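The values are calculated or read from the model by the stated rules, or taken from the named source; none is laboratory data. What you see is a predicted model; the values in this text were computed from it and never measured. Neighbour counts run over all protein chains shown; Cβ positions are idealised from the backbone, glycine included. With ligands, DNA and RNA removed, areas are computed over all heavy atoms of the protein, side chains included. Shrake-Rupley method; radii C 1.70, N 1.55, O 1.52, S 1.80 Å.
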Amino acid sequence: MFINGNWVDAANGATFEITNPATGDVIGECPDGTAADAIRAIDAAHAAQPQWGATTAFSRADLLMEAWRLMGERAEPLAQLMTKEQGKPLKASRNEVAYGADFLRWFAEEARRITGQWLPSSRPDQRFLSVRTPVGVVAAITPWNYPMSMLTRKMGPALAAGCTLVLKPAEATPLCAKAIFECFHDAGIPDGVINLVTTANPEPIGDVFTSDPRVKKLTFTGSTAVGRVLAAKAGANLQRVSVELGGHAPFIVFPDADPEHAAKGATALKFLNSGQACISPNRIYVHRDHADVFIETIVARVANVKAGNGADDGIGVGPLVNEAAVAKVAAQVDDARANGADVPVGGHRLTEHGLDRGHFYAPTVVTGVTSAMTIYREETFGPVAPIILYDHVDEVIDLANDTNYGLAAYVYTRDLSTAIRAMEGLRFGIIGINDVNPTSAAAPFGGMNDSGLGREGGHEGIDEYLETKLAGIAL
Ligand code: ADP
């Protein structure tokens, strides 16, 4: 763990092992922190806050730029580590390192654009001045699916705003978190400004984060179930909260779309990170006119996606995070089958050629999906593309909106009006229009309804870490 500028063990000396999800091999161990360590970390962040908050935006920006440079210099070992610990194919890990580093550069730039306002008054002898100040100590909890970029997406804006922080990474991927903290340490981050608490048992740490009055903000990325509980606890303490949660993204292929192009897009998007992404398409609505071409194309492409150890050449899909994830995906596919769906490709675990040592599920297409099936309602988080045919364009936006989630949605059309009407009608925070990657450090990311509160990245991303302070001045 990294507390007050030092690499330290848990106070009780306990450790836990980290395994490679593709092979089951133990690849390292980490301190198994407890509430006592979380308190130690908050002590350090709290002590460092006044001085860090008083640094100039220019020096904070320089430090973030140096951390960005170091991530670039270490890109290859960082990517190798990510593949080993998280499982995604090496090419995807390289992309994530670049995407993750981008948040540091973007927020280094944004740091210098934190400004105030000179405001008018109805009283001739009065002026108002509003300024932005850091909220204070931030507690961050991050997931395993994007084990580096989900850290930098929080650390970049928090540090740029002048906040100190304590961070608890997911128990599956603490080594990636450690590697990111090393970049900051080597960039010269002052003691106590960032603190890392690793643990195999997150609940007590979450309890400390949400109940310690010195923590002014909770930022969480993970499941809706856990985010809801943490947001409630943080709310009781009047902490600021941003939570980026689950999704159940619709992917709509309109009658005027090119079905082959759309099927290629759906394949590229669906199997990213083995489907373990909150913006992964989970309900693919295809107009009946396009059914044959779309299904033929996606099935042919999925049949060619090679699953295996992400460190090997030519692998398109890596393992799932653990056995529970494989079991959940298998249960959803089995339920769809039992309710009349077809599974033209995949639909089973992968155990041959040594894959039984890891957590693999075959890249899968399910057709004939209906609202009676679990897969239609529950987030899948696995390499399964469920296809639903529809007949009426007028109804498809309502079908797509028929979920409590509201993170990402995708639209394929060649008609500008259709695209704009869809964008306006869909209740989702992020809409891809003929686009499989509607994300960037420069763009606000976040969801509506059960997908969360707040936005990360973009200009909005730094607002989450700033308070407004007003001075009324009598002349
Ligand atoms: P997933 O189901 O995708 O693993 P989780 O929401 O369980 O998503 O995990 C996201 C993050 O939340 C991880 O860092 C995990 O350790 C943490 N977490 C899970 N349960 C709790 C909890 N009760 N209190 C605090 N953090 C938690």
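Of all residues in segment 266-310, which are closer than 15 Å to Leu389 by Cβ, in contact with a strand residue (DSSP E or B) (Cβ under 7 Å, 6 or more places away or on another chain) and not aliphatic (A, V, I, L, M)?
Residues satisfying the conditions are Arg283, Tyr285, His287, Arg288, His290, Phe294.
If a residue must be closer than 22 Å to Ile180 by Cβ and without any contact (Cβ under 8 Å) to a residue 60 or more places away in the chain, how many such residues does segment 11-39 contain?
Residues flagged as closer than 22 Å to Ile180 by Cβ and without any contact (Cβ under 8 Å) to a residue 60 or more places away in the chain within segment 11-39 amount to 5.
Suppose we keep only residues that are outside any strand (DSSP E or B) and open to solvent by less than 40 Å² (accessible area, probe 1.4 Å) within segment 427-436. Which one would you say is farthest from Ala98 (Cα to Cα)?
Phe428
Any chance you could count how many residues in segment 165-210 are more than 12 Å from the ligand (Cβ to nearest atom), out of contact with any Lys or Arg (no Cβ under 9 Å at 6 or more places or on another chain) and in a strand (DSSP E or B)?
Matching residues across segment 165-210 total 2.
Okay, residues lined up against (1) within 19 Å of Pro143 (Cβ to Cβ); (2) surrounded by fewer than 24 Cβ atoms within 10 Å (Cβ to Cβ):
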| residue | (1), (2) |
| --- | --- |
| Cys163 | no, no |
| Leu167 | yes, no |
| His185 | no, yes |
| Pro202 | yes, yes |
| Asp207 | yes, yes |
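In segment 238-253, is there at least one residue being at pLDDT 95 or above, within 16 Å of the ligand (Cβ to nearest atom) and more than 15 Å from the chain's Cα centre (by Cα)?
Within segment 238-253, one or more residues are at pLDDT 95 or above, within 16 Å of the ligand (Cβ to nearest atom) and more than 15 Å from the chain's Cα centre (by Cα).
For segment 437-466, which residues satisfy the criterion of being part of a loop (DSSP other than H, G, I, E, B), crowded, with 18+ Cβ neighbours inside 10 Å and of a type in the set (A, V, I, L, M, F, W, C)?
Correct list: Ala441 only.
Within segment 377-388, take every residue that is open to solvent by less than 60 Å² (accessible area, probe 1.4 Å) and not small (Gly, Ala, Ser) and give me the one that is farthest from Lys328 (Cα to Cα).
Taking the candidates together, the pick is Ile388.
Go through segment 91-117 and give me each residue that's in contact (Cβ under 8 Å) with a residue 60 or more places away in the chain, touching a Ser or Thr at 6+ places or on another chain (Cβ under 7 Å) and closer than 26 Å to Gly162 by Cβ.
Within segment 91-117, Tyr99, Gly100, Phe103 qualify.
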